[in-house]
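Heads up: the structure comes next, in structure tokens.
The values are calculated or read from the model by the stated rules, or taken from the named source; none is laboratory data. Remember, predicted model here, so these are calculated numbers, not experimental data. We place every Cβ from the backbone using ideal geometry, glycine too, and count neighbours over all the protein chains shown. Protein only, heavy atoms only, side chains kept; ligands, DNA and RNA dropped before computing areas. Shrake-Rupley method; radii C 1.70, N 1.55, O 1.52, S 1.80 Å.
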Amino acid sequence: MSDTSETILLVEDNPSDVALTQRALQRVCITSRLVVVEDGQEALDYLFGSGMHAGRDISQLPGLVLLDLKLPKVDGLEVLRRIRANKRTRRLPVIVLTSSKEEQDVAAAYDLGANSYIRKQVDFAQFDAAMKLVGAYWQGLNEPPPKVRSQ
Amino acid sequence: MRTIATRFLLPFGVVAILFSIFIFRETYVTSQYHANDRIGQQAAMAMEFNLAIREYVSETMHPIVQKIVGKEDYIPEMMSPMFVSQSVFEKVQKRFPGYIVRFISDNPRNPANQASPQELRAIDYFRRNPTVSQKTEQIQINGQRYVAQFKARRMKAECLRCHGDPKDAPAALVKQYGVTGGFHREVGDVAGLDTVAIPVEAVVLAMASETSWKQMIMAMWLAFLFGLIIIAFHLVVSRRLSAMARHIREIAATSEISRMTPLEMDERDEIDVLSVAFDKLFEQLRTMQTSLEQRVQERTADLARANDGLKQEITERQRAEEALRQSEEKFRSIVESSPAAMHFYRLESDSRLVLTGTNPAAERISSGGHQNLVGKTIEEVFPNLRDTQVLELHRKVARGDLGPQAFEMPYKDERVFGFYDVRVFRTGPGIIASILVDITERKQAEQELRAYSHRLALATEAAVMGVWEWDVLANAVTWDDRMFEMYGIPSTETMTYQRWAEMMHAEDVTQVERQLRRAVTEKKAGYFNFRIIRGNDGAVRHIQAAASVIADERGQVTNVVGVNFDITGRKLAEEEIRKLNTELEQRVADRTIQLAAANRELESFAYSVSHDLTAPLRGIDGWSLALMEDYSERLDERARQYLGRIRAETQRMAQLIDDLLKLSRVTRAEMRTNPVDMTGLAESIALRLQEDLPHRQLEFVIQPGLGDQGDERLLRIALTNLLGNAVKFTSKRPAARIEFGLTHVKDRPAYFVRDNGAGFDMAFAKKLFGAFQRMHRASEFPGTGIGLATVQRIIQRHGGRIWAEAQVNQGATFYFTLDEAS
């Protein structure tokens, strides 16, 4: 088993965005494994080992979550709230990656404990640059949070 | 009876005799003193002669004779002072027998000079008192009195030759006198006494003869003086007093006034008689004075009483006069100040009524005045009354044919115009007063009231308004016809408060009665609404009533008057309106809910737009870029250009969406009004703009100290747009100057943002604030044309206004105000 801290969980419903994100991450030489879930419910299932991800070793948490806000089923802010509400996942670094520039979204994300809020620029060159910085920062520079010991 | 003369002269005679004896005795004693004095003087003189003679012998004769006879010889007749003086005085004694002048000693040379016992006592005295050398005393010699003067002779040193040791003495001396007598003396010892004695009798006798003459003459003088005094006393005092006493006695004998008893007259001298008479007289006088004083007092009291009566009479008269004067004054002032015009006439014998006087009010009612008419007849005073009943009436009253008259009359001539209440009455025979009260105003008021009542009746009829009046005390209610119509009962019915209350809707009675009671209590007008059950058809009618309370001068409510309106029609209309209003409100509420839903929908739409519309754009851009990067060797230059175009348009589309969202947010955002530091806001924006464009030379001039009320977040967006535009449109200038401040436009404060940039043509100014409206080509100045629309939306949301002034290439100025309403 590879170290799950190397895993990046991308929560994104738009396949084009998924592909472009993957491309961008590859281009900036991020070696981490990219797990993609397409809606909020799946993201929660993945993290808490339920639903379609039932039976997954949930002790293996991703090193970083890239979370879109506008998602089918359960929206991004609710996902974030659940992550922070759970003792085990509450330290998980979560970066909100969205095209919304609404102030209320930014405020809500930070209120719920997002570690960062990055806007998806239409200009893909800028998106590329942003991804590069994210990878460098969160996987190189940033000290990952200690794991929460279960029980 | 004794007389004053006997009583006075007897003692006086005795005193005079005693006085004479005293004088004679004094004269005698004095003459004795004089005699002694003279004897003393004679003795002293004899002594001095004696001494002088001896001095001469011892000092002058003795030395000369001694020279002549030789030292041892001694001739006493010439050389002894004692001998010589003795000899001289022996001769003197022959002329003045009795006179004794001699020198004696206790141890004399001549035994004749042996001292008598009296003289020895004197020597003894001198020896005991060495400082005393002279002494005078009276002595008895052979039964005769003498005055003797003794002078002590004390031994001196030069005398010792003849009086000391006899061996030293001249031989002749010793031979003559022996060695005993006169020797063995010592210096200072009393050798002997010079004695002069003169017999007193001889001198006294000589003097006595002289004195008796003097005494005789004095006695004669005294007798003469006493005689004179007695005669003078008799003439001056005694005789007159006797005469007065005699007269008083005569009066006493005849008159009762004196009340002197004859007994009292006897055995009294004149002065007693006089004094008794005087006492009696004085007593009588005092009695008389007392009675006089009493009479004076009685008289004074009488006078005072008379005076008081007089005074009272005068005061009463004055009071009566004052009362009369005041009464007159009162009536005069009543007449003078009376608002009623008064004319006074006198009926002459030719039955003319002549004006005798007027009061000021009479002057006032006539334009020309009546004063100058005094003396004229009543026809001349009121020319237009000539030949009317009025004048005849005046005459009849003056004659006494009629009592006081009262009537009203209109009158008009060139002097007087008006309607008058006239009173005519007689004040004396042939004298009348005519009082005219101007009631023109009252008459006019009555006329106006009639007109007003008429108009009111018309008005109430036209307004379908019922009028009612309630006499509270009599509990009588008066209705007009309209009221009866309104309540649907015949106008023949008698109305009372109770009847009215019965017709009222049962639910309204309590409230209306309470309101009415309050109006009466507070004496204020009241307005009530109530329902009645109409009498003729039983229909419920809505009545609006007004009541006005009338109170008498004591504040007692006497009447309540008011009106009634049938407002049933209005009530129904109001009901209708209220129903419509409720419906309308409901509709508004429904619409508001719909609008809120729409707004929410719009928000959700905007959110979707921001998210879902940009996602494909990002895809287009991303895949275009991927195509360019991954297949660049297979694409020619033109294909790459096309891809570039696709990406540029995508960016532009994204920008448009972004700006539209901003505009939508500005419209939707909730306003939070707070104090805003406009200067600080502008400065922070300017700083950020300069930081974003470090290569640009930007000069910001921002007025300090500006503050206002507004939503800071929205104002920041607006100012960012305005200042950002200014920066953008000055990009072709080497030095941009951008100003922000507050100025006054048409006396109203307005903020402005001014630049020295490209400006614009004012012909297009109207389009300036429309969305997607642009003044410049995108190639010159990029932009979506939404910024100023956003600014305008923000300013409008603040209740302000925005406008711009510009010239092409001359820069532009944007003005805006906040909250124009204030």
Out of B:698, B:613, sole residue that is within 14 Å of chain A (Cβ to nearest Cβ) and of a type in the set (A, V, I, L, M, F, W, C): B:613
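May I ask you to verify whether residue B:582 is open to solvent by 70 Å² or more (accessible area, probe 1.4 Å) and more than 14 Å from chain A (Cβ to nearest Cβ)?
Taking the combined requirement at face value, the residue satisfies it.
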Checking residue B:152 against (1) touching a residue at least 60 places away in the same chain (Cβ under 8 Å); (2) more than 17 Å from residue B:40 (Cβ to Cβ); (3) touching a Leu at 6+ places or on another chain (Cβ under 9 Å), the condition it does not meet: (1)
Selected residue (criterion: farthest from residue B:653 (Cα to Cα)) from residues of segment A:105-151 that are free of Cβ contacts under 8 Å to residues at least 12 places away in the same chain and either among the small types (Gly, Ala, Ser) or in contact with a strand residue (DSSP E or B) (Cβ under 7 Å, 6 or more places away or on another chain) (or both): A:140
Restricting segment B:451-504 to residues that are among the aromatic types (Phe, Trp, Tyr) and assigned to a helix (DSSP H, G or I), the residue that is nearest to the chain's Cα centre (by Cα): B:452
Qualifying residue in segment B:443-456 (condition: more than 30 Å from residue B:567 (Cα to Cα) and either surrounded by 14 or more Cβ atoms within 10 Å (Cβ to Cβ) or of a type in the set (Ser, Thr, Tyr) (or both)): yes
Hits in segment B:752-772 - residues which are in a strand (DSSP E or B) and open to solvent by 10 Å² or more (accessible area, probe 1.4 Å): B:752, B:754, B:755
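With the condition being surrounded by 15 or more Cβ atoms within 10 Å (Cβ to Cβ) and at pLDDT 75 or above, I'd like the helices (runs of 4 or more DSSP H) fully within segment B:188-294 carrying at least 1 qualifying residues.
Here the list reads B:200-233, B:239-254.
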Which numbered condition residue B:344 fails, given (1) under 18 Å from residue B:431 (Cβ atoms); (2) touching a residue at least 12 places away in the same chain (Cβ under 8 Å); (3) surrounded by fewer than 17 Cβ atoms within 10 Å (Cβ to Cβ); (4) of a type in the set (Phe, Trp, Tyr): (3)
Criterion: within 12 Å of another protein chain (Cβ to nearest Cβ) and open to solvent by less than 30 Å² (accessible area, probe 1.4 Å) - qualifying residue of A:71, A:64, A:80: A:71
Filter result for residue A:95 (open to solvent by less than 10 Å² (accessible area, probe 1.4 Å), closer than 29 Å to residue B:623 by Cα and away from chain B (no Cβ under 12 Å)): yes
In segment B:501-555, the residues that are touching a strand residue (DSSP E or B) at 6+ places or on another chain (Cβ under 9 Å), polar (S, T, N, Q) and over 18 Å from residue B:465 (Cβ atoms): B:511, B:515, B:521
Scan of segment A:119-146 for residues that are more than 14 Å from chain B (Cβ to nearest Cβ), outside any helix (DSSP H, G or I) and over 17 Å from the mean Cα position of the chain (by Cα), ordered by number: A:146
Of all residues making up segment A:109-118, the number that are open to solvent by 30 Å² or more (accessible area, probe 1.4 Å) and either at the interface with another protein chain (Cβ under 10 Å from one of its Cβ atoms) or more than 30 Å from residue B:647 (Cα to Cα) (or both): 4
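Taking the stated definitions as given, is residue B:8 in contact (Cβ under 8 Å) with a residue 24 or more places away in the chain and open to solvent by 30 Å² or more (accessible area, probe 1.4 Å)?
Numbers: in contact (Cβ under 8 Å) with a residue 24 or more places away in the chain: yes; open to solvent by 30 Å² or more (accessible area, probe 1.4 Å): yes.
Yes: the conditions hold for residue B:8.
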Members of segment B:706-749 found to be open to solvent by 40 Å² or more (accessible area, probe 1.4 Å), touching a strand residue (DSSP E or B) at 6+ places or on another chain (Cβ under 9 Å) and in a loop (DSSP other than H, G, I, E, B), listed by number: B:733, B:735
Tabulated pairs, segment B:616-630, first at the interface with another protein chain (Cβ under 7 Å from one of its Cβ atoms) and more than 11 Å from residue B:640 (Cβ to Cβ), second open to solvent by less than 20 Å² (accessible area, probe 1.4 Å) and small (Gly, Ala, Ser), C-beta under 7 angstrom, 6+ apart or interchain: B:617/B:654; B:618/A:99
Qualifying residue in segment B:604-615 (condition: out of contact with any Ser or Thr (no Cβ under 6 Å at 6 or more places or on another chain), outside the structural domain of residue B:796 (by TED's automatic domain parsing) and open to solvent by 90 Å² or more (accessible area, probe 1.4 Å)): yes
Residues (β-branched (Val, Ile, Thr), under 28 Å from residue B:223 (Cα atoms) and either surrounded by 12 or more Cβ atoms within 10 Å (Cβ to Cβ) or under 60 Å from the mean Cα position of the chain (by Cα) (or both)) located in segment B:18-49: B:23, B:27
